[in-house]
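This report concerns only the one structure given below.
What follows draws every value from the coordinates through simple rules; no lab data is involved. Keep in mind that this is a model prediction, so the values were computed, not measured. Glycine gets a Cβ as well: all are built from the backbone with ideal geometry, and neighbour counts include every protein chain shown.
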Amino acid sequence: MRARLLAGLLLASAACAPSAVEKGGDAAGRVNPGRSRFHRFRVQTTAVPVEIRHGLSQKEIARLPGAAGSGLKTQGLSTIKHSMATHTRFSTATGTKAVYAWFDDVILEVAISSIVIHIPREYPEGSCEYEAVLEHERGHGRVAREQAADLARKLERALAASEGIPTRFDPVITTDFAAAAEQLKAAIATIAGPIYDRYEKDDAEAQERLDHPDPYDAVYRKCSGWR
């Protein structure tokens, strides 16, 4: 019963800039860029409750995206969606020849936005077969949540270690607001993008291990009334 994993990476998806404030002179005062800044840069995780659907037949579930192939008979299916969004708040200041821009807040949100378990209607709720399928499919949801939590920890460490996030003490300095916004967006993408890409591969491999070598062997051994 292979999980169908749908993932999306949304970088700088909720960015807003307050009105520009005037800054005299062209040189930005700078201090150690790591100085007491990371409490405003954080990672949060969210996950929705599992939704169990029991209205489709085995044949109907087998036609859903992500159902077992290679001649295997589908006995259940988990469809899991996950994503990462970046919510930012930044400020800008203008000098006589330059625009300064920096982050006030950066929140990376790692989300398990949907976990849907399909159990064939051929197996009545509470039956041995129903419970065996449900237990297996819940395992896919558990793996997804564990992988998302691991992603959050890696992102937190990367934010804490990074010297590339523009702050009030170490701003982006450019000629116009559009260029400043692009540089701010790129700063977060440079940190988060590779970590998220690795997470997608690790998550897919973890889900595959749950179904190895055959997703149904352990399930079939639990009950005798399979159809």
(request) Would you kindly derive the ³J(HN,Hα) couplings of region 173-182 from the backbone phi angles with the Karplus curve 6.51 cos²θ - 1.76 cosθ + 1.60 (θ = phi - 60°), listing them in order in whole Hz, with x for Gly and Pro? (result) 10, 8, 8, 8, 5, 4, 5, 5, 4, 5
(message) Given axes a ≥ b ≥ c from the Cα gyration tensor, I'd like to know whether region 118-223 is rounded (a/c under 1.5), prolate (a/b larger than b/c) or oblate.
(response) prolate
(request) May I ask you to derive the FRET efficiency for THR94 and ARG40 from their Cβ-Cβ distance with R0 = 22 Å, giving the value to the nearest 0.05? (result) 0.45
(message) What are the ³J(HN,Hα) couplings of region 142-157, residue after residue, when phi is run through the Karplus curve with 6.51, -1.76, 1.60 and θ = phi - 60°? Round to Hz, x for glycine and proline.
(response) 5, 4, 4, 5, 5, 5, 5, 5, 5, 4, 4, 5, 5, 5, 4, 5
(message) On a full-extension model of 0.36 nm per residue, what is the gain between GLU131 and ALA149, subtracting their alpha-carbon distance, rounded to one decimal in nm?
(response) 3.8 nm
(request) State, to one decimal in nm, how far the label point of ALA179 lies from the label point of ARG63, with both points 7 Å from Cα in the Cβ direction. (result) 5.6 nm
(message) Give me the extension gain from ALA218 to ARG138: residue separation times 0.36 nm, minus the current Cα-Cα distance, reported in nm with one decimal.
(response) 27.4 nm
(message) Only four residue types carry charge here, +1 at the Cβ of Lys and Arg and -1 at the Cβ of Asp and Glu. Report the dipole size of region 76-225 about the Cα centre in Debye, rounded to the nearest 20.
(response) 480 debye
